[in-house]
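Shown next, in structure tokens, is the structure this report addresses.
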Amino acid sequence: MDQTFSIIKPDATKRNLTGSINSFIEKSGLRIIAQKRIKLSKDQAEKFYEIHSDKSFFSDLIEYMTSEPVVVQVLQGKNAVKKYREVMGATNPENADEGTIRKLFALNVQENSVHGSDSDENASKEIEFFFDEKEIVG
Ligand code: IDP
Ligand code: MG
């Protein structure tokens, strides 16, 4: 079965939306097979978002991602990466389709409630970054 990596981001944990977002994920047919609530260190956040380190929004992004706890997850299902990107909606909630997590919950382009991997290769890397094999029980 395919897997993807997800983060419920600080704006969502702060507003007590973990359960609402998990319900969305489960209704879509994806299965949450690993999950933990953690506070990202600056170092972790910078490594995770390294690809965006040259962007103007990078320092704001790191500050935001370390501002409150996050919930990191492994999601499993057929075409999990593509499926979850559809369920999430566009990065900017103004462009997100009706019925997506970001359309419903995101506050703005930065505080957009969720992260989902953008390729199978990145999904594997991101899962490995946050989870031990033992923590993924299927
Ligand atoms: P994604 O989360 O939909 O994959 P990316 O382009 O990979 O979007 O950007 C990573 C994260 O950086 C976004 O989810 C959002 O929190 C933040 N971000 C992206 N673009 C902007 C922007 O133009 N301004 C502020 N924050 C942004
Ligand atoms: Mg991305």
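Filter the stretch 1-60 for residues that are among the aromatic types (Phe, Trp, Tyr) and farther than 25 Å from LEU104 by Cα and give the result.
PHE48
Quick one: which residue in LYS125, LYS82, LYS78, LYS47 is within 13 Å of ligand 2 (Cβ to nearest atom) and among the charged types (D, E, K, R)?
On the way: LYS82 fails: within 13 Å of ligand 2 (Cβ to nearest atom); LYS78 fails: within 13 Å of ligand 2 (Cβ to nearest atom); LYS47 fails: within 13 Å of ligand 2 (Cβ to nearest atom).
Testing whether each residue is within 13 Å of ligand 2 (Cβ to nearest atom) and among the charged types (D, E, K, R) leaves just LYS125.
Give the residues of the stretch 50-86 that are closer than 23 Å to SER124 by Cβ, open to solvent by 20 Å² or more (accessible area, probe 1.4 Å) and under 15 Å from the mean Cα position of the chain (by Cα), sorted by residue number.
Going residue by residue through the stretch 50-86, those that are closer than 23 Å to SER124 by Cβ are 50-53, 61, 65, 70-86.
Subset that is open to solvent by 20 Å² or more (accessible area, probe 1.4 Å): 50-53, 76, 78-79, 82-83, 85-86.
Those that are closer than 23 Å to SER124 by Cβ, open to solvent by 20 Å² or more (accessible area, probe 1.4 Å) and under 15 Å from the mean Cα position of the chain (by Cα): GLN76, LYS82, LYS83, ARG85, GLU86.
So is ARG31 farther than 26 Å from GLY138 by Cβ and basic (Lys, Arg) or not?
Details: farther than 26 Å from GLY138 by Cβ: no; basic (Lys, Arg): yes.
No.
Go through the stretch 18-27 and report how many residues are in contact with a strand residue (DSSP E or B) (Cβ under 9 Å, 6 or more places away or on another chain) and either open to solvent by 50 Å² or more (accessible area, probe 1.4 Å) or among the small types (Gly, Ala, Ser) (or both).
Count: 1.
Scan the stretch 63-72 and give yes if some residue there is out of contact with any Gly (no Cβ under 8 Å at 6 or more places or on another chain) and without any contact (Cβ under 8 Å) to a residue 24 or more places away in the chain, otherwise no. Before the answer, list the steps.
Kept after step one, since they are out of contact with any Gly (no Cβ under 8 Å at 6 or more places or on another chain), are these residues of the stretch 63-72: 63-72.
If we keep only those that are without any contact (Cβ under 8 Å) to a residue 24 or more places away in the chain as well, we get 63.
Looking through the stretch 63-72, at least one residue is out of contact with any Gly (no Cβ under 8 Å at 6 or more places or on another chain) and without any contact (Cβ under 8 Å) to a residue 24 or more places away in the chain.
Rundown of residues vs (1) surrounded by fewer than 13 Cβ atoms within 10 Å (Cβ to Cβ); (2) within 16 Å of ligand 2 (Cβ to nearest atom); (3) in a loop (DSSP other than H, G, I, E, B); (4) among the aromatic types (Phe, Trp, Tyr), yes/no style:
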| site | (1), (2), (3), (4) |
| --- | --- |
| MET1 | yes, no, yes, no |
| SER6 | no, yes, no, no |
| ASN16 | yes, no, yes, no |
| LEU40 | no, yes, yes, no |
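So for the stretch 54-77 (the condition being within 12 Å of ligand 1 (Cβ to nearest atom), under 26 Å from ASP2 (Cβ atoms) and aromatic (Phe, Trp, Tyr)), does at least one residue qualify?
No, every residue in the stretch 54-77 fails to be within 12 Å of ligand 1 (Cβ to nearest atom), under 26 Å from ASP2 (Cβ atoms) and aromatic (Phe, Trp, Tyr).
Can you tell me which residue within the stretch 29-38, out of those that are over 14 Å from GLU68 (Cβ atoms) and in contact with a strand residue (DSSP E or B) (Cβ under 9 Å, 6 or more places away or on another chain), is surrounded by the fewest Cβ atoms within 10 Å (Cβ to Cβ)?
Ranking the candidates gives LYS36 first.
The values are calculated or read from the model by the stated rules, or taken from the named source; none is laboratory data. Bear in mind the structure is a predicted one, so any value in this text is a computation, not a measurement. Using ideal geometry, Cβ is built from the backbone for each residue, glycine included, and neighbour counts are taken over all protein chains shown. Heavy atoms of the whole protein, side chains included, go into the accessibility calculation; ligands, DNA and RNA do not. Shrake-Rupley method; radii C 1.70, N 1.55, O 1.52, S 1.80 Å.
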